[in-house]
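Written below as structure tokens is the structure these notes are about.
The values are calculated or read from the model by the stated rules, or taken from the named source; none is laboratory data. Please read these numbers as outputs of a predicted model, since none were measured by experiment. As a convention, Cβ positions derive from the backbone with ideal geometry for all residues, glycine included, and neighbour counts pool all protein chains shown.
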Number of protein chains: 2
Amino acid sequence: MARRTYGQYCGLARALEFVGERWAMLIIRDLLVGPRRFTDLQRLPRIPTNVLSARLREMEANGLIRRRVVPRPASGVVYELTDYGAQLEPILLSLGAWGARALRDPTEGEVITPDSLVIALRATFQPHAAPPRLVSFELRCGPAVVHCVVDHGELAVTDVGPLPGADAVIETGPALRRLMAGEVAPEQALADGLVRVCGDAELLDRFVEMFHIDSLPVSQGVLEQARAGAATVHAG
Amino acid sequence: MARRTYGQYCGLARALEFVGERWAMLIIRDLLVGPRRFTDLQRLPRIPTNVLSARLREMEANGLIRRRVVPRPASGVVYELTDYGAQLEPILLSLGAWGARALRDPTEGEVITPDSLVIALRATFQPHAAPPRLVSFELRCGPAVVHCVVDHGELAVTDVGPLPGADAVIETGPALRRLMAGEVAPEQALADGLVRVCGDAELLDRFVEMFHIDSLPVSQGVLEQARAGAATVHAG
DNA sequence: CTGGATCCCTCACGATACTG
DNA sequence: CAGTATCGTGAGGGATCCAG
């Protein structure tokens, strides 16, 4: 039996052998937004180049991603998902939505990347809350800027290209999570300067309806961690 | 920033900090079947006890699982999922179904555990293919034995307890995957002795309709791995 | 400048032994 | 039964270097 396997004849074990190694799913996450160069992937998550190299090779060998040489104008090499790899999208989105419920305000040094913001919007999108008419906006969360178009309950969000005639520009920071979790009302956030809107200001209300993070009951989750940590400190 | 984190303010990164460490999702998998003792979890996946110990402590601190002292008759300690942890079920099932598509016949030393078999059935269940009437059977895959009841498109599968009046007993081995993937027809499998059915033999046809693994196109996936491996050997 | 490979150090993992 | 203790190995983290 090969090293670093689980020794179980099980679909989940096999999946984890494919994407369970450290950094693998975050690489997939970025590739879900679009093809990426080695340097793109290396940029924001502080992944060592040798680990990135190893993951790309493993996932290519396993048929999840494809290495493609790009001709002329933008010469270089890009990595992109195969069909099989791309089928991880709903799973990673669900996992992201699940994890987002445990997020609190960012800790020191945590960054928001454009790719993670795109995925966060896809993961928290509530189709049933989408307005029937076409809505488009630009979302700025710190240095990350993404474009978003919702039409007929379908969401299209990318991190590149101009967005002509956007209905609004929403500019915010990490407080974005509090908005999406309903911890602060849009009007309150506007009043407190946590968010600014240029254009159709009503769009902020639509936004928090369309992109939602369920709140995690305080009886469980991370708060327990804080308590356990405090108890440990107290007991130790 | 704590060690062993990703440094990204992202729901997926947070989720991976919770369940992305080695063995964590397989522990969750077993707990999805029911509360388990330390020794139960230690049994079949060859996880070192110190690692199991560490994962249980981490996941308890993060509010995914709960440690509960069981009184009298069956004294001891069991671990069980919290509501938040249990909400991973559809995600792990999807991930398992995705990974199952890449399975081939088991390699030397790969084992099938009862818990993984229960999860495999839940993961591959096709509600639309379930018959309207109540169907129950016992599935034996090597040493793993599970009980299965399907009623009104709902699946209930466990690894324990008697199943009175089962419609059939299906006895098979790793060839189960070939059946579910449609690589071998039920009649052929019966003729080849890959599977035996006691009771309603027609139930095997219902079974392969209700529990299905999509086949992975040969143009991608694990076959590429074999080719790449061969190429590497050849080039090296 | 892209696309990596190489080196070194540390810590997480893996195996086993042992204890309340 | 429910873990803790110990110890060797190798994957991950971080910096640097190199080829096209």
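Points to keep in mind about this one:
- Look at (1) surrounded by 18 or more Cβ atoms within 10 Å (Cβ to Cβ); (2) over 24 Å from B:I27 (Cα atoms) and you find that A:W23 fails only one, number (2).
- Among (1) surrounded by 15 or more Cβ atoms within 10 Å (Cβ to Cβ); (2) modelled with pLDDT of 95 or more, the one test that B:P45 misses: (2)
Conditions (1) out of contact with any helix residue (DSSP H, G or I) (no Cβ under 9 Å at 6 or more places or on another chain); (2) under 15 Å from A:V208 (Cα atoms), marked per residue:
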site	(1), (2)
A:G165	yes, no
A:V169	yes, yes
A:T172	no, yes
A:A181	no, yes
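- Of the residues making up segment A:129-188, those that are within 14 Å of chain B (Cβ to nearest Cβ) and either part of a strand (DSSP E or B) or over 28 Å from A:E110 (Cα atoms) (or both) are A:C141, A:A144, A:V146, A:T172.
- A:L81 being without any contact (Cβ under 8 Å) to a residue 40 or more places away in the chain, more than 7 Å from chain B (Cβ to nearest Cβ) and within 17 Å of the chain's Cα centre (by Cα): no
- Among the residues here, B:A120 qualifies as within 30 Å of A:L88 (Cβ to Cβ) and within 14 Å of the chain's Cα centre (by Cα).
- Restricting B:T113, B:T107 to those that are in contact with a strand residue (DSSP E or B) (Cβ under 8 Å, 6 or more places away or on another chain) and of a type in the set (S, T, Y) reduces the list to B:T113.
- Scanning segment A:18-71 for residues that are away from DNA strand D (no atom under 13 Å from the Cβ) and of a type in the set (D, E, K, R) yields A:R29, A:D30, A:R36, A:D40, A:R43, A:E60, A:R66, A:R67, A:R68.
- Residue within segment B:99-118 that is without any contact (Cβ under 8 Å) to a residue 24 or more places away in the chain, surrounded by fewer than 19 Cβ atoms within 10 Å (Cβ to Cβ), touching a Lys or Arg at 6+ places or on another chain (Cβ under 8 Å) and more than 7 Å from chain A (Cβ to nearest Cβ) present: no
- For A:L52, the test of being outside the structural domain of A:D159 (by TED's automatic domain parsing), crowded, with 21+ Cβ neighbours inside 10 Å and at pLDDT 95 or above is failed.
- Positions within segment A:1-19 being in a loop (DSSP other than H, G, I, E, B) and either more than 7 Å from every other protein chain (Cβ to nearest Cβ) or touching a residue at least 24 places away in the same chain (Cβ under 8 Å) (or both), in sequence order: A:A2, A:R3, A:R4, A:T5
- Scanning segment A:24-56 for residues that are in contact (Cβ under 8 Å) with a residue 12 or more places away in the chain, part of a loop (DSSP other than H, G, I, E, B) and within 13 Å of DNA strand C (Cβ to nearest atom) turns up A:P35, A:R37, A:I47.
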